[in-house]
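Worksheet: one structure, shown below.
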Amino acid sequence: MRAVHLIRRRAQRPRTNPFHFGDVALGEQFIDRTAELGELLGDLRSGQNVLVLAPRRFGKTSLIVATAERLRKEDVLVAYADLLRVTTKTRFAEALAAALYDGLEPPVGRLVQRAADFFRDLPLRPKVTVNPDGTPSFELAAGADERDVDATLDQLFALPGAVAKRRSRRVVVVLDEFQEIVAIAPELPARMRAVFQFQPEVAHVYLGSRQHLLRRVFTDANQPLYNSAKVMALGPIAPEVFAAFIHERYNASGKTITPEATIALLGYTNGHPHDTQKLAYFSWALVPEGADATPETVDAAVGQILETDTARYTELWDSLATNQRRLLEALAKPDRPANPLSDAFRRAHRLGTYASADRALDALFERGYVERVGRDAVVIPDVFLRFWLQEEPATSIVSLVCGTCGAGFAVPVWHCPDCDNHSHQDDIECGNCHHPRPSAS
Ligand SMILES: Nc1ncnc2c1ncn2[C@@H]1O[C@H](COP(=O)(O)OP(=O)(O)OP(=O)(O)O)[C@@H](O)[C@H]1O
Ligand SMILES: [Mg+2]
């Protein structure tokens, strides 16, 4: 009787969505990447520095977390620093100190005193506090002299090498979102190189999504980190691997998905890790218990996602200059990747001169909205942004409020595709560079 009761209660328990997006993919949520994992493990065991590049949300952090877990089981010491929110060199020093302490210091008997000892030789001693979860935080005195911050950073860079020697262990230091460091202090890569090159027992892993910027930092012969790391470009997850995962997760959660629906889902996302999990999540939520997800379910889920994300995309859109909008919109058209700087593309989408299209492209690269594939072709990696742009009517030529003179909604203005100067509706050419007014679509 009791067993029947239990079975009934278990059957009534609401099912939880078996897909996850946003956080690091761990455990059974982490699929594929076998080749990349093997390659990274081999490199890091040998002390090889690696730069892992991929667009936003492609699974860089998930991959390195899985790699670190394996390395730790082999007694390699791994320090992981997330630099996303680092805005100054002082914050960088604090984040690095926390990562090094966490990854390199043996966990037994960790006390504030031990943390203080660990950093006793630094020019600026961090103040150690213990977080509610028991992990320590490190804070450097506000307003410290820049030279002291630099000297502290130099010593923190050197610390992993010293620990590797002292403890006779291999060490891996992971710097996630490394582009932030280049942005806040362009001279830091040179300081890092100066120290890192004498640490053969330490492998450094740099992760980043601003591929344009990072490629330059690591592959331009004039840059200090030139050739200092092997470049690993992370691609999407193979659709057949994702298809098997989606089927298995559906079955395990009391719902099913038809093969046609799986094809439709992956047809939308092409194996983009985050966007596939997101679409699978929304689709699953639309299917009643015991029913099938069909291609119609997937279409409805896409509609729901676009609705959910429209505020974010509108904000992004509002922040772009006219020519950047026009270029982004053109790149969202189906059957791309395309070379946006080619004569034919620029003419077809009224992108103006090569120089002005190039400027717009650079701005989109800088903000990570587009990525290069191959030599010249460019794509928008965010799947849903692409669909959102396809849905939106072309509003790029006529803006409703003049950014310069504030003319209201009743007086539409247009912006020069070449120099971005604003002009009023009646102007037939740009008042600044005399570019003729583009014809409205
Ligand atoms: N190997 C994987 N298997 C399944 N899903 C994955 C995998 N890697 C990533 N994902 C999905 O992608 C999402 C983003 O992963 P992750 O945070 O690792 O990417 P990222 O490239 O580090 O992102 P960001 O650019 O924001 O730092 C995860 O929440 C998960 O939904
Ligand atoms: Mg990440």
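Of 278/333; 73/127; 89/127; 73/165; 60/278; 127/230, which pairs sit farther than 25 Å apart, going by alpha carbon to alpha carbon?
Cα-Cα > 25 Å for 73/127; 127/230; rest within.
Just need the Rg to Rh number for the range 233-311, please, alpha carbons only, Kirkwood Rh.
0.96
Under 25 °C and 0.890 mPa s, how fast does the range 164-242 diffuse according to Stokes-Einstein, given a Kirkwood radius computed over C-alpha pairs? Answer in µm²/s, whole number.
174
Sequence-distant or interchain residues sharing an amide H contact under 5 Å with residue 231, placed H: which?
For residue 231, the qualifying residues are 51.
Using amide H atoms built 1.01 Å from N in the peptide plane, name the residues 5+ places from residue 78, or on other chains, whose amide H lies under 5 Å from its own.
Here 172 satisfy the definition.
Within the chain, which is the longest segment that contains none of the GluC sites (Glu not before Pro) sitting in a DSSP loop with at most 11 other Cβ atoms within 10 Å?
290-441
Only bridges whose two residues both fall in the chain count here: according to DSSP, what percent of them are antiparallel, nearest 5?
Bridges in the chain are about 40 percent antiparallel.
I'm checking a number: the convex hull volume of the Cα atoms of the range 211-345, normalised per residue, in Å³. What is it?
Value for the range 211-345: 165 Å³ per residue.
What percent of all Cα-Cα pairs in the range 319-396 falls into each 10 Å bin, going from 0 up to the bin containing the maximum distance?
Bins of 10 Å from zero give 20, 60, 20, 0 percent of pairs.
Quick check on the chain: helices-only [θ] at 222 nm, where DSSP H runs of length 4 and up contribute -39,500 (n - 2.57) each and the sum goes over total residues. Nearest 500, please.
Result for the chain: -14500 deg cm²/dmol, rounded to the nearest 500.
Can you bin the chain into rounded, prolate or oblate? Criterion: square roots of the alpha carbon gyration tensor eigenvalues sorted a ≥ b ≥ c, rounded for a/c under 1.5, prolate for a/b above b/c, oblate for the rest.
The shape class here is oblate.
Which cross-chain or sequence-distant (5 or more) residues have an amide H under 5 Å from the amide H of residue 204, H modelled 1.01 Å from N in plane?
So residue 204 has HN proximity to 49, 50, 173.
Values quoted throughout were computed directly from the atomic coordinates according to the rules given, and no laboratory measurement underlies them. In this text the structure is predicted, and so the values were computed from the model without any measurement. Quick reminder, even Gly has a Cβ in these numbers, built from the backbone with ideal geometry, and neighbours come from all protein chains shown.
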